[in-house]
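S.K.: Structure provided below as structure tokens; questions to follow.
The values are calculated or read from the model by the stated rules, or taken from the named source; none is laboratory data. What you see is a predicted model, and the numbers here were worked out from it, not measured in a lab. In this analysis, Cβ positions are derived from the backbone assuming ideal geometry, glycine residues included, and neighbour counts consider all displayed protein chains.
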């Protein structure tokens, strides 16, 4: 005697899934649904960023003080090399150049660390990605939020440096809020892009420090771009000034430093800052979402 033929014989896997109401595990939801799911994980994103921030220096004796000490020591090194030896402060008094440099280092470090954390957001958390079902964009956004919180701790030192050089609190300091909001959006979008690229190419984490160092030198962290390039074709300075890292640094300097006026900013600077933030945040989010079902596989 032979077993009767199965009613499922001859059906393809897709037809079997449709017949029994099965769906693909980890399938990418629609964009609107994905945004809704990400918003539903907002408490996880905040808690995860705070936990990462607390654990970052847990093994160091000075603990969370390194959040402030690291960029401050970097600023000191750059001041000794670029300010005293190479005279990169040309066109600026010492009272302007010191907060100019410290602000540049702190603000660029915010973007740099967000990018580096984004590269490892998926590849460095594969256990979490494979064990739990949640919108994967939560990870790079959470790491960007961690870097924002770290910058906010550092802002206390930045305020002290600015006031010690004669720049005291005034209404322009309120501009810090929109500047940081726009930069956070930009950093989050960039972290999302790097998270997708880094999930498939782990070697990218080794390459990015060189890319970020080049970006830092091209963004006027240690010197004024218009002054340093005044003897070069104007389009070179325009390109460097309009790059997003330089835009957010200059806006922060304009807000904080009394002697750093609007003449140091490129035209339509706020529109450019908003454009970079919206373009990179929206584009990075869609780019990351398109590969949602592939993260953690293989």
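S.K.: Quick check on residue 154: is it surrounded by 19 or more Cβ atoms within 10 Å (Cβ to Cβ), at pLDDT below 90 and either out of contact with any helix residue (DSSP H, G or I) (no Cβ under 9 Å at 6 or more places or on another chain) or not in a loop (DSSP other than H, G, I, E, B) (or both)?
M.R.: On the way: surrounded by 19 or more Cβ atoms within 10 Å (Cβ to Cβ): yes; at pLDDT below 90: yes; either out of contact with any helix residue (DSSP H, G or I) (no Cβ under 9 Å at 6 or more places or on another chain) or not in a loop (DSSP other than H, G, I, E, B) (or both): yes.
When the stated conditions are applied, residue 154 passes them.
S.K.: Moving on to the next point. Can you find a residue that is buried (at least 21 other Cβ atoms within 10 Å of the Cβ), over 20 Å from residue 244 (Cα atoms), over 10 Å from the mean Cα position of the chain (by Cα) and modelled with pLDDT under 95 anywhere in the range 170-179?
M.R.: no
S.K.: In addition: Does residue 91 satisfy the criteria of being in a helix (DSSP H, G or I), within 16 Å of residue 224 (Cβ to Cβ) and at pLDDT below 75? Lay out the reasoning, then the answer.
M.R.: Details: in a helix (DSSP H, G or I): no; within 16 Å of residue 224 (Cβ to Cβ): yes; at pLDDT below 75: yes.
No: the conditions fail for residue 91.
S.K.: Now, a different point. Within the bounds of the range 184-198, is there any residue that is at pLDDT 90 or above, farther than 23 Å from residue 42 by Cβ and in contact with a helix residue (DSSP H, G or I) (Cβ under 9 Å, 6 or more places away or on another chain)?
M.R.: Residues of the range 184-198 that are at pLDDT 90 or above, as a first pass: 184-198.
Among the residues that remain, those that are also farther than 23 Å from residue 42 by Cβ are: 197-198.
Then drop every residue that is not in contact with a helix residue (DSSP H, G or I) (Cβ under 9 Å, 6 or more places away or on another chain), which leaves 197-198.
Within the range 184-198, one or more residues are at pLDDT 90 or above, farther than 23 Å from residue 42 by Cβ and in contact with a helix residue (DSSP H, G or I) (Cβ under 9 Å, 6 or more places away or on another chain).
S.K.: If you take just the helices (runs of 4 or more DSSP H) that sit entirely in the range 223-298, which of them hold at least 1 residues that are surrounded by fewer than 14 Cβ atoms within 10 Å (Cβ to Cβ) and modelled with pLDDT of 95 or more? Steps first, answer last, please.
M.R.: On the way: elements: 225-228, 234-241, 244-256, 269-289.
Once the helices (runs of 4 or more DSSP H) in the range 223-298 are filtered for at least 1 residues that are surrounded by fewer than 14 Cβ atoms within 10 Å (Cβ to Cβ) and modelled with pLDDT of 95 or more, what remains is 269-289.
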